[in-house]
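Working notes, structure below.
The values are calculated or read from the model by the stated rules, or taken from the named source; none is laboratory data. Because the structure is predicted, anything quoted here is derived from the model rather than measured. When we count neighbours, we look across all protein chains shown, and the Cβ atoms used for this are built from the backbone with ideal geometry, even at glycine. Heavy atoms of the whole protein, side chains included, go into the accessibility calculation; ligands, DNA and RNA do not. Shrake-Rupley method; radii C 1.70, N 1.55, O 1.52, S 1.80 Å.
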Amino acid sequence: MEYAWEHELQTGLSAVRDAARICRSVQSTITLETFQKKDKSPVTIADFGSQAVVCRVIGDTFPNDTIIAEEDSAELQVLENADFLHRIHDEVCRHCVEASKDQICRWIDRGGATDFTHRFWTLDPIDGTKGFLRKEQYAISLALVIEGEIQLGILGCPNLGQTVKDDPQNGSLFYAIRGQGAFALPLEGEGEPRPIRVSRTSDPALARFCESVESGHSAQGASAQVAERLGITADPVRLDSQAKYAVVARGEADAYLRLPTKADYREMIWDHAGGVIVVEEAGGKVTDVTGAPLEFVHGHTLKNNRGVVVSNAKLHDVIIDTIRAVGVK
Ligand code: AMP
Ligand code: MG
């Protein structure tokens with residue numbers, strides 16, 4: 001029997017692997033000088049290259065599907081950015097497929113949908129750009145949403161090994177299909193998918209939290225207060241990107257808190273969709289800070305949600321209660 005979404009899964013895995021080759025190649029060019037100059041060109045090149053190759057594969061295979069992705073090619077087409085387009089072209093041709101610059105821009109713009117439709121993909125070509133520049137964690141996140149429900153999610157994590165502290169070796173790939181579980185496999189090379197499960201931790205004092213490295217993306221002071229009230233003594237593990245969802249899904253952390261830093265910030269769907277289903281299918285739970293489910297029916301933002309709380313399910317209610325008690329809004 002053919003499983004539901006098998007064709008979409010194989011297509012998505014192949015697309016994410018193509019993108020990861022480009023990201024790895026570009027990341028390997030980052031030098032101390034890039035850091036010192038605060039030069040963001042590597043992330044620009046890899047971001048657009050990644051989006052081009054993922055949208056190429058998805059659009060060629062499923063021409064009727066829309067894709068809500070982070071980038072569009074407008075800025076690449078202005079003269080001052082000719083050098084960027086040249087370098088993106090070079091990476092795409094070297095690691096994926098021969099194509100003209102115009103073709104690459106057209107692939108990027110396949111990701112230009114913003115509105116909700118009954119069947120769409122959402123893509124973050126490089127989630128965690130700051131981690132990418134620091135040569136730490138980043139992810140390529142792809143999800144398929146049908147009638148507002150995520151059915152398939154894929155996370156490519158090129159710098160994530162068997163544990164957060166391990167050498168990344170071939171990187172990690174995670175995927176989940178609604179009702180069929182969540183799996184991990186090496187991003188590069190051979191390897192059978194291995195089912196993953198969230199932790200069984202039920203004592204809040206023993207919970208291991210993870211959160212964003214960037215204090216502008218998650219209110220770290222508020223999450224420290226939540227941890228203190230729960231009796232947690234261990235420091236949070238800080239890492240960039242949706243690698244945090246993967247780390248909860250495989251039971252290495254018990255929760256991921258993303259508490260709002262600004263009243264008017266709305267989370268972007270591509271920063272979450274791929275990770276959400278991986279955690280849910282591994283037995284975990286994902287809501288916003290009020291305990292409400294995330295709503296993937298409002299186009300590119302999670303318009304009605306505030307922040308995000310991810311857990312092994314067992315700890316979810318106590319975390320939400322504590323967030324409320326601390327007064328996070
Ligand atoms: P992380 O790697 O978990 O720190 O998250 C990276 C993502 O944070 C980026 O893809 C941005 O879309 C998103 N982001 C940017 N500003 C904010 C903010 N004020 N609050 C939450 N997320 C943000
Ligand atoms: Mg992102």
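Side notes on the structure shown:
- For region 94-113, a residue qualifies if it is closer than 21 Å to Leu144 by Cα, outside any helix (DSSP H, G or I) and open to solvent by less than 70 Å² (accessible area, probe 1.4 Å), and the qualifying residues are Gly111, Gly112, Ala113.
- Condition check for Ala313: more than 16 Å from ligand 1 (Cβ to nearest atom), open to solvent by 30 Å² or more (accessible area, probe 1.4 Å) and not in a strand (DSSP E or B): yes
- Reported count of residues in region 135-178, each being within 16 Å of ligand 2 (Cβ to nearest atom) and either free of Cβ contacts under 8 Å to residues at least 12 places away in the same chain or of a type in the set (Asp, Glu) (or both), is 1.
- Test for Glu80: is it loosely packed, with under 15 Cβ neighbours inside 10 Å, away from ligand 1 (no atom under 16 Å from the Cβ) and either modelled with pLDDT of 95 or more or in a loop (DSSP other than H, G, I, E, B) (or both): no
- Residues satisfying the stated conditions in region 115-152, i.e. within 16 Å of ligand 1 (Cβ to nearest atom), more than 12 Å from Ile67 (Cα to Cα) and small (Gly, Ala, Ser): Gly128, Gly131, Ala139, Ser141
- Scanning region 61-73 for residues that are open to solvent by less than 10 Å² (accessible area, probe 1.4 Å) and away from ligand 1 (no atom under 16 Å from the Cβ) turns up Ile67, Ser73.
- Of the strands (runs of 3 or more DSSP E) lying entirely inside region 203-305, those carrying at least 1 residues that are surrounded by fewer than 21 Cβ atoms within 10 Å (Cβ to Cβ) and more than 15 Å from ligand 1 (Cβ to nearest atom) are 285-287.
- Inside region 126-170, residues that are open to solvent by 10 Å² or more (accessible area, probe 1.4 Å) and not polar (S, T, N, Q) make up a count of 16.
- If you go through region 29-60 and keep only what is open to solvent by 60 Å² or more (accessible area, probe 1.4 Å) and modelled with pLDDT under 95, you end up with Thr29, Thr31, Leu32, Glu33, Phe35, Gln36, Lys37, Lys38, Lys40.
Every residue, every condition in (1) in contact with an Asp or Glu (Cβ under 7 Å, 6 or more places away or on another chain); (2) farther than 23 Å from Ile277 by Cβ, yes or no:
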position: Thr66; (1), (2): no, no
position: Val78; (1), (2): no, yes
position: Asp115; (1), (2): no, no
position: Gly131; (1), (2): yes, no
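- In region 239-258 there is no residue that is over 15 Å from the mean Cα position of the chain (by Cα) and without any contact (Cβ under 8 Å) to a residue 40 or more places away in the chain.
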